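Structure first, then comments.
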Amino acid sequence: MTIQDWFEKRKEAQIQRRALEAKVEVEGNPDLWTKCVHCDSQLLKKDLEDNDMVCPVCDYHFRINATKRIKQLFDEGSFEELFKDIKPTDPLNFVDTEPYKDRLEKAHAKTNLDEAVITGLASIEGHRMAAAVMDFDYMGGSMGSVVGEKVTRLIEKAIELKLPVLAITSSGGARMQESALSLMQMAKTSCACSRLDDAGLLYVNLLTEPTFGGVTASFGTLGDIIVAEQGARIGFAGRRVIEQTIRQKLPSDFQTAEYLLKYGQVDVVSSRKDLRKTLANIFAMHNN
Amino acid sequence: MTVLDFEKPIMEIQEKIEELKKISAESGMDLNKEIETFEQQADDYKKELYANLKPSQKLQIARHPERPNFLDYVNLMCTDFVELHGDREGMDDRAIIGGLAKLDGRPVMIIGTMKGKSTKENLEYNFGMPQPQGYRKALRLFKHASKFKLPIITIIDTPGAYPGISAEETGQGVAIATNLRDMAKLEVPVIAIISGEGCSGGALGLAVANRVYLLEHAYYTVISPEGCASILFRDASKAAVAADALKITAPDLMKFNIIDGDIKEPVGGAHNDYDLMAKNMKETILSALSDLDKMSPEELKNDRYNKFRRMGAYLE
């Protein structure tokens, strides 16, 4: 055990002890506290954040937004955003219970993002790459024209710069409010993947909680290597749709990263803590 | 024949005509003039009705139980069909059928989703909902066609890829994704026709083509109007409203450059005249082929890439 490992272990043990103590005594400012959605433990928000939003008690991986993901995964200060100026519009004048335009504004207000993906150049342990990072908090990470366009441009940029690509997905699927235009983003991004493939550049997918529908059925799973984050739910059809179709209950671990690993659908399942190391290792072995 | 609710006025006129004919025959009265007027009226009404259908009404025609299916079109348009079965990995998904055939004497690869017309048939074809193995079979045939320079024609009528346990376990998502990616690499003309329901990724998985056409009353959408209604409108009974909002019919899809054109259906829908429908479809295919024949393999690939590359609406 290296000194670093020892400190790491000690820190983890401390967090765990404090979380357990917190279970017993929950007083003071409620803003400081939160509950694990999985094991119900009372957690100090700060501890949860210090632990990369992984429950110190049960190891449940909370979903994280794109900004946190970028901060946690890439080398500090290495992320250089591209294509930020591509913004959504409302080509169909779509109105459901609420106009699409209003939904876009609300999503922007909630996340301070212009769309459900952030694209740019970055590095992990020194390995340079083009990266797309999706954000579920922006309209369920759904893929509309902007997501499709940004991912496609990123892939084209990677081909131009001869860089490998990492796509980190977190998405409910296609953006219904853009109807067939959003469906076509599946074709557009996949066609771009075919050129990336022809160029012989490495493409890695990191599937995170949750990745479904049109993203799973396009650029989200076309990687040469597919890594899934521990506990992430990944699938084509939603659980409810399947249950309604086959009229039976599904096992609780259905469509989890671990379940898909068992069925040969992903290459690697990694905990959040190990992701940097896992990805750096993979990129390091494709350096030529 | 199944009569759709909005078609009932036509049935009523037709019943009246029959009645008049009966009276005329029994009484010997000359009612030819009246009958002719009614027939003219019925004709005009029909033309008017079917030319102005609402999306939710087109939906009913697109899903008509007697609508021609993939094998009907193959039999009516082609000769010498040889079905090629299986994904070579343990399954022959019956929801996607494909094979070699001659179109106007020219060998082609023709592939499509298959629906049945009876319960028994529908069970065999899984209501036109493919499994991953169906998409993999299609890809095998696409690659074969590309290798032997055979143009590819796909005919699509599906409510979507099958949402089931084994479909997830065997990679429904990645199977469709792989088709989208690898169709971009095909070195032969690819023509896709949405002949009925073109639902979501399940339809797109056969439709990364140089030319995409929609039948007059077919629809093409990211999600079924019912699914959209229950998710976005939180009310499954709002499917007709969702069908309007989603802009799923040919004129709207042409406006957004998603399809290259529509193919006229016989008055009342494709199920009223299989021969005429197949004739119109064949004409569209042959005319598209004669255009695409002028392109080199590289040009065909670029044409397909650029077609989808342009799709989308955003501000910059």
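This table checks each residue for (1) basic (Lys, Arg); (2) within 23 Å of residue B:219 (Cα to Cα).
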| site | (1), (2) |
| --- | --- |
| A:153 | yes, no |
| A:159 | no, no |
| A:164 | no, no |
| A:173 | no, yes |
| A:176 | no, yes |
| A:182 | no, yes |
| A:188 | yes, yes |
| A:208 | no, no |
| A:215 | no, yes |
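Identification of strands (runs of 3 or more DSSP E) wholly contained in the range B:149-260 with 3 or more residues that are over 20 Å from residue B:312 (Cα atoms) and more than 8 Å from every other protein chain (Cβ to nearest Cβ) yields B:152-158, B:190-199. The set of residues from the range A:177-202 being within 12 Å of chain B (Cβ to nearest Cβ) and in contact (Cβ under 8 Å) with a residue 40 or more places away in the chain comprises A:177, A:178, A:179, A:181, A:182, A:185, A:186, A:188, A:189, A:192, A:195, A:196.
Quick check, is residue A:67 of a type in the set (Ser, Thr, Tyr), assigned to a helix (DSSP H, G or I) and either more than 19 Å from residue A:168 (Cβ to Cβ) or touching an Asp or Glu at 6+ places or on another chain (Cβ under 8 Å) (or both)? Judged against the criteria, residue A:67 is a match.
Just one of the listed residues (A:231, A:200, A:223) is in a loop (DSSP other than H, G, I, E, B) and out of contact with any strand residue (DSSP E or B) (no Cβ under 7 Å at 6 or more places or on another chain), and it is A:200. The condition (being modelled with pLDDT of 95 or more and β-branched (Val, Ile, Thr)) is satisfied by just one residue among A:86, A:15: A:86. All conditions in (1) within 20 Å of the chain's Cα centre (by Cα); (2) of a type in the set (D, E, K, R); (3) surrounded by fewer than 18 Cβ atoms within 10 Å (Cβ to Cβ); (4) assigned to a helix (DSSP H, G or I) hold for residue B:137, with the sole exception of (3). Of all residue pairs spaced 6 or more apart or on separate chains, those with beta-carbon atoms under 9 Å, a first member in the range B:149-175 that is under 21 Å from residue B:84 (Cα atoms) and a second member that is of a type in the set (S, T, N, Q) and part of a helix (DSSP H, G or I) are B:152/B:146; B:158/B:200; B:161/B:172; B:161/B:200; B:175/B:133. For the range B:298-306, does any single residue satisfy the condition of being crowded, with 20+ Cβ neighbours inside 10 Å, away from chain A (no Cβ under 14 Å) and part of a helix (DSSP H, G or I)? No, the conditions are met nowhere in the range B:298-306.
In this structure, is residue A:214 within 11 Å of another protein chain (Cβ to nearest Cβ), in contact (Cβ under 8 Å) with a residue 24 or more places away in the chain, surrounded by 24 or more Cβ atoms within 10 Å (Cβ to Cβ) and in a helix (DSSP H, G or I)?
Working: within 11 Å of another protein chain (Cβ to nearest Cβ): yes; in contact (Cβ under 8 Å) with a residue 24 or more places away in the chain: yes; surrounded by 24 or more Cβ atoms within 10 Å (Cβ to Cβ): yes; in a helix (DSSP H, G or I): yes.
So residue A:214 fits the description; yes.
Selection of the range A:89-109 for residues being within 11 Å of chain B (Cβ to nearest Cβ), exposed (fewer than 14 other Cβ atoms within 10 Å of the Cβ) and not hydroxyl-bearing (Ser, Thr, Tyr) yields A:93, A:98. All conditions but one from (1) touching a helix residue (DSSP H, G or I) at 6+ places or on another chain (Cβ under 8 Å); (2) without any contact (Cβ under 8 Å) to a residue 40 or more places away in the chain apply to residue B:216; the one that does not is (2).
The rows are residues; the columns are (1) within 14 Å of chain B (Cβ to nearest Cβ); (2) among the small types (Gly, Ala, Ser); (3) surrounded by fewer than 19 Cβ atoms within 10 Å (Cβ to Cβ); (4) touching a residue at least 40 places away in the same chain (Cβ under 8 Å).
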{"position": "A:46", "(1), (2), (3), (4)": "no, no, yes, no"}
{"position": "A:50", "(1), (2), (3), (4)": "no, no, yes, no"}
{"position": "A:55", "(1), (2), (3), (4)": "no, no, no, no"}
{"position": "A:58", "(1), (2), (3), (4)": "no, no, yes, no"}
{"position": "A:65", "(1), (2), (3), (4)": "no, no, no, yes"}
{"position": "A:75", "(1), (2), (3), (4)": "no, no, yes, yes"}
{"position": "A:87", "(1), (2), (3), (4)": "yes, no, yes, yes"}
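The values are calculated or read from the model by the stated rules, or taken from the named source; none is laboratory data. Since the structure is predicted, the reported quantities are computational estimates derived from the model, not experimental observations. No Cβ is skipped: glycine too gets one built from the backbone with ideal geometry, and neighbour counts run over all protein chains shown.
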